[in-house]
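Undergrad: Before anything else, here's the structure in question.
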Amino acid sequence: MANMRIDGEKIYLTPISDEDLADFVRWRNSQLVRERYIYRGEFTIEGQKAWIKCHVDTGEAIQYIIWDKQDDKRIGCVYIQDIDNVNHKGEYGIFIGEEDYLGGGRGREAAELIVDYAFSHLSMHKIYLRVLSDNIRAYKSYEHAGFVKEGLFHDDVCIDGLYHDVIFMARYKD
């Protein structure tokens, strides 16, 4: 597991730890986060501990907590999962769980920090993501962080009985 703090201008990132899990689970189960995510299952502390053991501790994923520098407060989570060391790629994900911290470029900065880390420390060539086509705020943030649209998959996921389009985006190492 990556164990270094990553510093930015407005935020910093720390590897997820047991002390972060109550906030993580609260955020991930909140309406604010859940309605913008493809996977909407219920999260538990025990389930997240198991996920970390199975994925983060084995190097299949990295997961960091996003902290606001000014308030020194946890505000969200950023991760790269499904790390493929053969093809040098992984899937990016993020959420800001504290509504007062949406906007202001914190999500964009978190994306830039974690992707740059993946390129420089994990030898990644490509970081990709999936976003629901109606999540315009996230799409714009990803664009500002250097991700480009690679495709649109119509009716790709079924959420609450309704099919949704998914946009695939990626960023490549320069």
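Undergrad: Here are some conditions: (1) under 23 Å from PRO15 (Cβ atoms); (2) out of contact with any helix residue (DSSP H, G or I) (no Cβ under 6 Å at 6 or more places or on another chain). MET124 meets all but one. Which one does it not meet?
TA: Only one criterion is unmet by MET124, namely (2).
Undergrad: OK, next. I'm trying to understand the selection: among the residues of region 54-109, which are under 21 Å from ASP23 (Cβ atoms) and among the polar types (S, T, N, Q)?
TA: Hits for region 54-109 are GLN63, GLN70, GLN81.
Undergrad: Provide a single number: the residues in region 97-121 that are part of a loop (DSSP other than H, G, I, E, B) and either among the polar types (S, T, N, Q) or surrounded by fewer than 17 Cβ atoms within 10 Å (Cβ to Cβ) (or both). Before you say what the answer is, go through the steps one by one.
TA: As a first pass, look at region 97-121 and keep what is part of a loop (DSSP other than H, G, I, E, B): 97-98, 102-105.
Adding the requirement that they be either among the polar types (S, T, N, Q) or surrounded by fewer than 17 Cβ atoms within 10 Å (Cβ to Cβ) (or both) leaves 102-105.
Residues flagged as part of a loop (DSSP other than H, G, I, E, B) and either among the polar types (S, T, N, Q) or surrounded by fewer than 17 Cβ atoms within 10 Å (Cβ to Cβ) (or both) within region 97-121 amount to 4.
Undergrad: Follow-up. When the residues of region 159-172 are narrowed to those that are hydrophobic (A, V, I, L, M, F, W, C) and modelled with pLDDT under 95, which ends up nearest to GLY41 (Cα to Cα)? First the steps, then the outcome.
TA: Looking only at region 159-172, we keep the residues that are hydrophobic (A, V, I, L, M, F, W, C), and these are 159, 162, 166-170.
Right, trim to modelled with pLDDT under 95 and you get 159, 162.
Working: ILE159: 11, LEU162: 16 Å.
Only one residue fits best here, namely ILE159.
Undergrad: From GLY76, GLY93, which residue is small (Gly, Ala, Ser), touching a Gly at 6+ places or on another chain (Cβ under 8 Å) and buried (at least 17 other Cβ atoms within 10 Å of the Cβ)? Write out each step before concluding.
TA: On the way: GLY93 fails: touching a Gly at 6+ places or on another chain (Cβ under 8 Å).
After ruling out the rest, the residue left standing is GLY76.
Undergrad: If you don't mind, there's one more thing I want to ask. So in region 16-38, with the set limited to residues that are assigned to a helix (DSSP H, G or I) and modelled with pLDDT under 90, which one is surrounded by the most Cβ atoms within 10 Å (Cβ to Cβ)?
TA: The initial filter retains those residues of region 16-38 that are assigned to a helix (DSSP H, G or I), namely 18-29, 31-34.
Now restrict to residues that are modelled with pLDDT under 90: 31-34.
Working: GLN31: 7, LEU32: 13, VAL33: 19, ARG34: 16.
Of everything passing the filter in region 16-38, VAL33 is surrounded by the most Cβ atoms within 10 Å (Cβ to Cβ).
Undergrad: Also: Report, ordered by the first and then the second residue, all pairs with beta carbons closer than 8 Å, sequence separation of six or more or different chains, a first member in region 119-138 that is at positive phi, and a second member that is outside any strand (DSSP E or B).
TA: Note: pairs meeting the criteria are SER123/ASN85; SER123/HIS88.
Undergrad: With the condition kept exactly as written, say whether any residue in region 73-92 is free of Cβ contacts under 8 Å to residues at least 12 places away in the same chain, assigned to a strand (DSSP E or B) and within 28 Å of VAL157 (Cα to Cα).
TA: First pass over region 73-92, keeping only residues free of Cβ contacts under 8 Å to residues at least 12 places away in the same chain: 84, 86.
Still in the list and also assigned to a strand (DSSP E or B): 84.
Applying the additional criterion that residues be within 28 Å of VAL157 (Cα to Cα) yields 84.
Looking through region 73-92, at least one residue is free of Cβ contacts under 8 Å to residues at least 12 places away in the same chain, assigned to a strand (DSSP E or B) and within 28 Å of VAL157 (Cα to Cα).
Undergrad: Across region 39-54, what is the number of residues that are modelled with pLDDT of 85 or more, surrounded by fewer than 16 Cβ atoms within 10 Å (Cβ to Cβ) and either in contact with a strand residue (DSSP E or B) (Cβ under 8 Å, 6 or more places away or on another chain) or among the hydroxyl-bearing types (Ser, Thr, Tyr) (or both)?
TA: Residues meeting the conditions: 1.
The values are calculated or read from the model by the stated rules, or taken from the named source; none is laboratory data. If you're wondering where the values come from, they're calculated on a predicted model, not measured in any experiment. As a convention, Cβ positions derive from the backbone with ideal geometry for all residues, glycine included, and neighbour counts pool all protein chains shown.
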